[in-house]
1. Around residue 335, what is the net charge, scoring Lys/Arg as +1 and Asp/Glu as -1 over all other residues with Cβ under 12 Å from its Cβ?
2. Taking neighbour counts of Cβ atoms within 10 Å as a proxy for exposure, in what order, fewest first, do 148, 12 appear?
3. Give me the net charge for the shell around residue 263: Cβ to Cβ below 12 angstrom, other residues only, Lys and Arg +1, Asp and Glu -1.
4. Would you list 324, 115 from fewest to most Cβ contacts within 10 Å?
5. For 117, 179, what's the fewest-to-most ordering of other Cβ within 10 Å of each Cβ?
6. Show the residues, 5+ positions off or on another chain, whose built amide H is closer than 5 Å to the amide H of residue 242.
7. Where does the charge balance sit around residue 181 when Lys and Arg score +1, Asp and Glu -1, over other residues with C-beta under 12 Å from its C-beta?
Amino acid sequence: MVTGGFQNIFKIPELKKRIFYTLALLFVYRIGVHVPTPGIDSTALAAFFARAQGTLLGLFDMFSGGALERLSVFALGIMPYISASIIIQLLTVVIPHLERLSKEGDQGRKKITQYTRYGTVVLSIIQGFGISIGLENMSAPGGAPVVIHPGWSFRIMTVITLTAGTAFIMWLGEQITERGIGNGISLIIFAGIVARMPTAIANTFRLVSTGEMGIFLVLALIVLMVVVVGVIVYIEQAQRRIPVQYAKRVVGRRIYGGQSTHLPLKINTSGVIPPIFASSIMMFPATLESFFSVEWVKAIVAAIRPGNPVYELVFVGLIFFFCYFYTAVTFNPVDVAENMKKHGGYIPGIRPGKRTADYIDKVLTRLTFGGAIYVSVVCVLPSILISRFNVPFYFGGTALLIVVGVSIDTVAQMESHMLSRHYEGFLKKGGVRSRR
């Protein structure tokens, strides 16, 4: 039973320690969101961001948990780290040295992680400097300047503060992954999204009370949210099972093998990575446009505002690209086929070796196409609701996909901890499967 599963958490000291450690670090992150950067008029900045709701800049603020709106020390959020990860993974395909590192196991991955950290710091410095200059040109609708004392002292202080904040968030995420429960970076994004939900719900009630939104529309949104959550949970745990047969082997006087099993392939192998990566790229022009008054940047941002056909096409195209790219990076059909052949395994009706690798690749390509369609449909939902029904927050889409996906991952890890110690999990048969 579910209740019994939660009770069993506190019977496992290691799991209980990991959960409390994770909650403590997330609490530290939420405190940092409210620590302002020096030299900012918070009232003028809040008035400026009031105009950004329902735009890509508002989406960026949601990912940072409101840190950008307050321009806190965590204003850049985890996006520089995500951008650095995108760049490193793309370079892995074209730079032989990085490709060799990716195949060297833990040591190679540690080296790539180190490069990602360096890239995060460099991107944070660049973005922090751009933001500091942009802030000096910003003012509230009434004309009040956002920066109290502009100049190089403010710029240097802002760069140092924002870069240190992003580096600290990156460290928090790594500590959660290593010593806590779940993926630290995903949980930090999860915490930022969830923290914004009470404000979004309060705004919805305010719009209903003033008559700007009908009660039937709110009820329809609630029903739609439940349906979308159900679809996400179902598809995120769905698998295509390829049957695998292992031949019998005689070792001494014993006979090994001969059993039948399966190779599970997820419909959405890449998880929540594609929408996060796609969102980070889509946010970049809007961020530039908010801080720099350049005509060609304004033209690009006007074309890719949520609700515009160009925005939908570009966003969906990026999701498809990252679905296939991340799946190719994390799952190699050739290696899987070679391992199966080495251990005497084969797919019935398929010759071992290259034929098996081609078959797995064919199935995986089709599954990834279906998964990309599913992710795209879920992620374009917010812009449709905002443009057609004036919904005052980013309902569903990337945010809901991340929240549900990260919840499934975290519960799956807790489930594995309990089942490995012979405790009953959240479901009677351990029905929550890991996404990895």
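Throughout, read-outs are computed from the coordinates displayed, never taken from laboratory work. What you are looking at is a predicted structure, and each value in this text was computed from that prediction instead of being measured. For neighbour counting, all protein chains shown are included, and Cβ atoms are generated from backbone atoms with ideal geometry for every residue, glycine included.
1. Counting the neighbours of residue 335, the net charge comes to +1.
2. By the 10 Å Cβ count, ascending: 148, 12.
3. Charge balance in the 12 Å sphere: +3.
4. 115, 324
5. In increasing order of surrounding Cβ atoms, one gets 179, 117.
6. Counting only residues 5 or more places away or on other chains, the set is 263, 265.
7. After counting each charged neighbour, the total is 0.
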